[in-house]
Amino acid sequence: MKESLEATSGKVIFDDVQLANTLFGVHSENLRRIARTIGVKISAKGNAITIQGDDLEVDLSKRVLNDLYGLLKKGYPLFPNDIDYAIRMISDDRSVNLEDIFLDTVYISARKRVITPKSLAQKRYIDAIRKCDLVIGIGPAGTGKTYLAMAMAVASLMKQEVERIVLTRPAVEAGEKLGFLPGNMYEKVNPYLRPLYDALHDMMDFDRASRLIEKAVIEVAPLAFMRGRTLNDSFVILDEAQNTGPEQMKMFLTRLGFSSKAVITGDITQVDLPENKISGLIEIQGVIKGIEGIEFVYFSDRDVVRHPLVQDIIKAYERAEERRQRFRQSSSSEKT
């Protein structure tokens, strides 16, 4: 690949015309996406592109295009959202190696979809799960905490590294008060476990997942059902952990048996417990952090991999919370 750089423009020539066309996208849609996001002008002619804009933006655009082209050469199937993730990561850290992240295949789903990390935090997360027996992922919705943990669990089961998967979450956000719901116990808790089933069925076809659930190789159950058990040779995922109390969290943590791995996920900004009850997920940050074999991984709005509006919504709520905090502080200072 040859390239020359000028003060306010840059030119990149790709050596494979077919891959260059794939990179550019249908009707150059990928190039327009990059230009729109970074704020440059990009024009293409054959297998060459010219970029115009500020020095830093031109340099960023070239880096993104070169790295994405490198991924295509390695056989990576480039999707439009991958362009957004690439721009975000390289903007945050110019030393990042996209191949280390995008080519780290966690699992290939039944639909032949390759599941890989899409941010630096997601890469740290799956590396932590590989290395540690207990990993706690904390961050906002849409950052892939549960989905990637599920992919790692299914991959471990398929490789026969564990004998079963146990998926659990607080069945009812405010204290598991199941008695107010109609039906038997399973009918009461099933709606609260639905997100775990959805993620599972995205990993493997419905019939296979159903057979494994029937054989108890995969178990989906409310957290209340974990009491008194010891989970050996298992991959255990506790989802929505911000809605556990301290006693529930301690109970879960002490279920882990030999040759097992546990992942705890949650968003400490969305605690649905009564105001006078402490979240177990918040508490454990000061209790077990620093213990060897345990790792905390924190996600931010930069790691959101859902619709771009989700990232903006999270930022808006954060700003609103900051305003409330400032108001409360000013009100308390006026009283004193």
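Per-structure values
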{"read-out": "Using θ = phi - 60° and Karplus 6.51 cos²θ - 1.76 cosθ + 1.60, couplings along the stretch 25-30 (whole Hz; Gly, Pro as x)", "value": "x, 4, 6, 6, 4, 5"}
{"read-out": "³J(HN,Hα) computed for each position of the stretch 264-273 - Karplus, 6.51 cos²θ - 1.76 cosθ + 1.60, integer Hz, glycine/proline x", "value": "10, 10, x, 10, 6, 8, 10, 7, 9, 6"}
{"read-out": "Calculated from backbone phi, Karplus (6.51, -1.76, 1.60) coupling profile of the stretch 84-89 in Hz, x at Gly/Pro", "value": "4, 5, 5, 4, 4, 5"}
{"read-out": "The stretch 205-336 - percent of accessible surface contributed by carbon and sulfur, probe 1.4 Å", "value": "52 percent"}
{"read-out": "Heavy-atom accessible area per residue - the chain, 1.4 Å, Å²", "value": "53 Å²"}
{"read-out": "Label-point gap, in nm, between GLU322 and THR230 - each point 7 angstrom along Cα→Cβ", "value": "5.0 nm"}
{"read-out": "The stretch 109-169, Rg to Rh (Cα coordinates; Rh as Kirkwood inverse mean 1/r)", "value": "0.94"}
{"read-out": "Carbon and sulfur %, accessible surface of the stretch 1-130 computed with the full protein complex present, 1.4 Å", "value": "50 percent"}
{"read-out": "The stretch 30-70 versus the stretch 210-272: alpha-carbon centroid distance in Å", "value": "46 Å"}
{"read-out": "Label-point gap, in nm, between GLN52 and GLU275 - each point 7 angstrom along Cα→Cβ", "value": "5.9 nm"}
{"read-out": "Semi-axis lengths, Å, the stretch 14-104, gyration tensor of Cα atoms, sqrt of 5 times eigenvalues", "value": "18, 17, 11"}
{"read-out": "The stretch 193-249: translational diffusion in µm²/s, Stokes-Einstein, Kirkwood Rh over Cα pairs, 37 °C, 0.692 mPa s", "value": "256 µm²/s"}
{"read-out": "Cα-based helix-to-principal-axis angle, 308-335 vs the chain, degrees rounded to 10", "value": "60 degrees"}
{"read-out": "Violating pairs (Cα-Cα greater than 30 angstrom) within the set LYS74/LYS131; LYS41/LYS315; LYS73/LYS315", "value": "LYS73/LYS315"}
{"read-out": "Using distinct alpha-carbon pairs, which all enter the 1/r mean, Kirkwood radius of the chain in Å", "value": "22.3 Å"}
{"read-out": "Dipole moment magnitude, nearest 20 debye, the chain about Cα centre, only Lys, Arg, Asp, Glu C-beta charged", "value": "260 debye"}
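The values are calculated or read from the model by the stated rules, or taken from the named source; none is laboratory data. Please read all numbers here as calculations on a predicted model, not as lab measurements. Heads up, the Cβs are rebuilt from the backbone with ideal geometry, glycines too, and the neighbour counts pull from every protein chain shown. Note: areas computed on protein heavy atoms with side chains; ligands, DNA, RNA excluded. Shrake-Rupley method; radii C 1.70, N 1.55, O 1.52, S 1.80 Å.
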